[in-house]
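This report refers to the structure that appears directly beneath it.
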Amino acid sequence: MSILVTGGAGYIGSHTVVELQNAGYEVVVLDNLSNSSKESLNRIKAITGKETVFYQNDINDRAALMEIFQKEKITSCIHFAGLKAVGESVVKPWEYYQNNIAGTLVLLDEMRKHGIKNIIFSSSATVYGDPAFIPITEECPKGTCTNPYGFTKSMLEQILTDMQVADPEWNVILLRYFNPIGAHASGTIGEDPNGIPNNLMPFITQVAVGKLKELGIFGNDYDTPDGTGVRDYIHVVDLANGHVKALSKIAENCGLKIYNLGTGTGYSVFEIIKNFEEATGIKIAYSMKPRRQGDIASCYANADKAKAELDWQAKYGIREMCADAWRWQSQNPRGYGV
Ligand code: NAD
Ligand code: WQD
């Protein structure tokens with residue numbers, strides 16, 4: 001019996017494969033390597049000592065999916081595969097809808113044809129748009145997304161919900177991640193963005209390692225305590241463990257469930273810089289820049305539901321997130337590009 005992890009060579013996927021294998025699950029990874037490296041799978045093996053069955057294929061490839069579902073004994077799918085760069089999605093909306101939505105439709109169709117109706121989907125706090133209230137509970141209404149990437153998450157949530165309502169044999173868990181950062185404590189797997197990072201923590205670690213000159217802070221006039229944006233940063237290993245807990249929920253035939261995966265605490269950009277500097281002893285040069293289009297002031301979770309129903313709670317604090325992100329970056333200045 002195996003778990004199919006789509007996008008399992010990527011940042012969150014690779015950490016989840018480690019935690020799944022540590023918990024005793026057999027794992028099959030499907031990834032087209034469009035935003036990842038096969039080297040991550042070698043590193044996973046060095047951490048867990050376990051073999052990961054790997055298919056380098058696209059979720060749009062029906063024949064490949066048929067082969068996997070016929071050959072492997074898959075019981076559930078954790079579906080990470082997707083394009084995720086917010087800015088790129090504005091420039092290439094068709095590619096995002098095609099890859100994320102059309103690809104997921106093919107995956108779901110082949111799953112049901114093979115009688116596999118258990119799925120955990122990587123959603124995002126982005127579906128709340130500019131949230132109606134904070135801390136954000138799962139009851140907070142979904143908002144208007146500010147970019148095509150966000151709409152792919154919101155639409156896929158709707159598609160999965162409608163399919164589960166139409167066929168209650170499906171167990172569907174929508175996990176809304178807040179801001180994953182950090183890396184495995186070994187420093188051997190981590191986030192390896194292509195080009196100049198869009199997200200705060202990889203930008204900071206690349207400044208720290210000397211690849212980038214300084215961080216630009218996007219706005220200091222938000223309605224937050226210090227004027228910079230506040231987010232709920234969550235250690236990627238905690239996030240990975242949330243998926244292990246979600247699989248136990250699926251085993252209860254849970255039907256449709258939605259959970260926020262966050263810590264419940266918000267940190268501003270200035271607080272992240274300060275914590276990074278204190279955790280690593282490295283000074284981060286920065287300058288002020290205008291607000292980034294589409295950004296909101298504050299976004300952090302109420303994570304009580306995941307605690308009550310999944311018995312899951314984030315364990316790691318902001319210092320560990322910073323120290324682990326830095327260990328990965330400093331040990332692998334070029335990411336997986338060995
Ligand atoms: P990532 O890019 O590191 O991982 C995604 C993986 O999917 C990559 O390995 C990529 O090669 C693969 N992939 C993309 N399209 C594919 C396709 N058509 N067929 C097969 N493989 C494909 O990203 P990540 O940060 O690990 O994110 C994983 C998931 O979590 C994504 O769905 C993302 O949208 C979602 N998410 C991420 C964040 C975040 O901040 N990182 C926040 C919320 C949600
Ligand atoms: C965090 C804070 C920025 C970079 C994005 C996606 C979201 C989700 C997670 C997938 C904000 C500030 C950032 C920089 C800065 N991904 N910042 N300088 O925007 O909360 O969320 O990633 O689902 O959908 O939108 O994360 O890390 O980009 O920004 O000042 O160079 O850091 O303005 O306040 P964000 P982020």
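The values are calculated or read from the model by the stated rules, or taken from the named source; none is laboratory data. Predicted, not measured: the structure shown is a model, and the values here were computed from it. A quick note on method: Cβ atoms are made from the backbone with ideal geometry, for glycine too, and the neighbour counts reach across all protein chains shown. Protein only, heavy atoms only, side chains kept; ligands, DNA and RNA dropped before computing areas. Shrake-Rupley method; radii C 1.70, N 1.55, O 1.52, S 1.80 Å.
When you work out D = kT/(6 pi eta Rh) for region 36-83 at 4 °C and 1.567 mPa s, using the Kirkwood radius from C-alpha pairs as Rh and the Stokes-Einstein form, the result is 104 µm²/s.
Computed across the chain, the Kirkwood hydrodynamic radius from all distinct Cα-Cα pairs reaches 20.2 Å.
In summary, the lysines within cross-link reach of LYS283, defined as a Cα separation below 27 angstrom excluding same-chain residues under 8 places away, comprise LYS211, LYS213, LYS274, LYS315.
For region 248-335, the direction-averaged projected area of the alpha-carbon convex hull comes to 8.8 nm². Where the accessible area of region 1-115 is counted over protein heavy atoms with a 1.4 Å probe, how much of it, in %, is carbon and sulfur? The computed percentage sits at 51. Positive contributions from Lys and Arg (+1) and negative ones from Asp and Glu (-1), summed over other residues with Cβ under 14 Å from the Cβ of VAL86, come out at +2.
Note that region 1-73 presents 42 Å² accessible area per residue, ligands and nucleic acids not counted, probe 1.4 Å.
Exposure here means at most 12 other Cβ atoms within 10 Å; with GluC sites (Glu not before Pro) in a DSSP loop as sites, the longest stretch of the chain lacking them is 52-138. A simple rule links phi to the HN-Hα coupling: the Karplus curve 6.51 cos²θ - 1.76 cosθ + 1.60 with θ = phi - 60°, which for region 11-17 gives 4, 6, x, 5, 5, 6, 4 Hz, with x for Gly and Pro. In this structure, the amide hydrogen of ILE120, modeled 1.01 Å from its nitrogen in the peptide plane, lies closer than 5 angstrom to those of CYS77, ILE78, HIS79, ILE173, counting only residues at least 5 positions away or on a different chain. Write out the trypsin sites (Lys or Arg not before Pro) in region 58-91 meeting two conditions: DSSP loop, and at most 15 other Cβ atoms within 10 Å of their Cβ. Here the sparse-neighbourhood loop sites are LYS73. Quick one: in region 31-134, what % of C-alpha pairs are over 23 Å apart? Summing the P(r) tail past 23 Å for region 31-134 gives 39 percent. Here the alpha carbons of region 177-282 define both size measures, Rg and Dmax, at 16.4, 51 Å.
Proximity of backbone amide H atoms, modeled 1.01 Å from N, is registered between ILE258 and LEU174 at under 5 Å, excluding neighbours fewer than 5 places apart on the same chain. Within region 230-338, what whole-number % of the accessible surface is contributed by carbon and sulfur, with the 1.4 Å probe and all protein chains included in the calculation? Using a 1.4 Å probe with all protein chains present, region 230-338 comes out at 47 percent carbon and sulfur. Springs join every pair of Cα atoms under 10 Å in this Gaussian network model of the chain, and among CYS140, CYS299, CYS322 the largest mean-square fluctuation is at CYS140. For region 307-318, backbone phi angles converted through the Karplus equation (6.51, -1.76, 1.60; θ = phi - 60°) give residue-by-residue couplings of 5, 5, 9, 10, 6, 10, 7, 5, 9, 8, x, 5 Hz, Gly and Pro being listed as x. Put one equal scatterer on each alpha carbon of region 125-179, apply the Debye formula with no solvent term, and list log10 I(q)/I(0) at q = 0.18, 0.28 1/Å to two decimals. Cα-only, vacuum Debye calculation for region 125-179: -0.64, -1.15.
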